[in-house]
1. Condition check: closer than 27 Å to Gly132 by Cβ, polar (S, T, N, Q), within 16 Å of the ligand (Cβ to nearest atom) and in a loop (DSSP other than H, G, I, E, B). Does Gln3 satisfy that?
2. Report whether or not Asp55 is of a type outside the set (A, V, I, L, M), away from the ligand (no atom under 16 Å from the Cβ) and either in contact with a strand residue (DSSP E or B) (Cβ under 8 Å, 6 or more places away or on another chain) or modelled with pLDDT of 95 or more (or both).
3. Could you pull out the residue among Leu125, Leu105 that is part of a helix (DSSP H, G or I) and either within 13 Å of the ligand (Cβ to nearest atom) or buried (at least 18 other Cβ atoms within 10 Å of the Cβ) (or both)?
4. Go through segment 9-37 and report how many residues are acidic (Asp, Glu) and loosely packed, with under 15 Cβ neighbours inside 10 Å.
5. Inspect segment 106-117 for any residue being in contact with a Ser or Thr (Cβ under 7 Å, 6 or more places away or on another chain), without any contact (Cβ under 8 Å) to a residue 24 or more places away in the chain and not basic (Lys, Arg) and give the result as yes or no.
6. I'm trying to understand the selection: among the residues of segment 86-102, which are open to solvent by less than 50 Å² (accessible area, probe 1.4 Å) and away from the ligand (no atom under 13 Å from the Cβ)?
7. Give me a count of the residues in segment 45-73 that are within 13 Å of the chain's Cα centre (by Cα) and open to solvent by 20 Å² or more (accessible area, probe 1.4 Å).
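The values are calculated or read from the model by the stated rules, or taken from the named source; none is laboratory data. Remember, predicted model here, so these are calculated numbers, not experimental data. Here the Cβ positions follow ideal geometry from the backbone for every residue, glycine too, while neighbour counts run over all protein chains shown. These accessible areas exclude ligands, DNA and RNA; they are computed on the full protein's heavy atoms, side chains included. Shrake-Rupley method; radii C 1.70, N 1.55, O 1.52, S 1.80 Å.
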Amino acid sequence: MSQDKVVKSDEEWRAQLGPDQFEVCRRKATERAFTGRYWDHHEQGTYCCAACRADLFSSATKYDSGSGWPSFWEPVAADRIAVEEDRSHGMRRTEILCARCGSHLGHVFEDGPRPTGLRYCVNSLSLDFEPGKKEGESK
Ligand code: FE
C-alpha cells in the first residue's frame, strides 16, 4: 500500500518540530554523536519518523555500530526510505530521507552487518520510538 505524501511549508514544520528537530529534519543538520536519545536505546518496538510518524525501522534490525547514532541494517520496508546523493562536507555519501515527508534521517553506508551489509545511520532527532508497536499498526 502506498503512503500519502506529507507536504508542509517550512513555517508549518517549524511550528510543529522543536528548533533542534527542525534543523535536523528539514535543514539536514547532524546531531553530535553519542548525544541523542536512541543510539544506546534497546527496547523492543518501532522507530517512526519524528515529523510525520511513518514507521521506518524496527528494533529487530537495530544494532550497535559504535558510531554514536542509532543504526539499523534494514528499514521496515524499502519504500519507506528515499535516497539522494550527498556531496556536502567534501564527502560523497548517500543521504536517507523519509519517503513520506522528505525529512532528513541520516545516511546509509555499506559497512553494515549481515544480511544486508548496510548501515542506516540515523539521527535520534529524526525518530520517535513506539514501544512494542509492530509494523502495520500505524494510523
Ligand atoms: Fe516523515
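1. yes
2. no
3. Leu125
4. Selection size over segment 9-37: 4.
5. yes
6. Scanning segment 86-102 gives Asp86, Ser88, Arg93, Glu95.
7. 6
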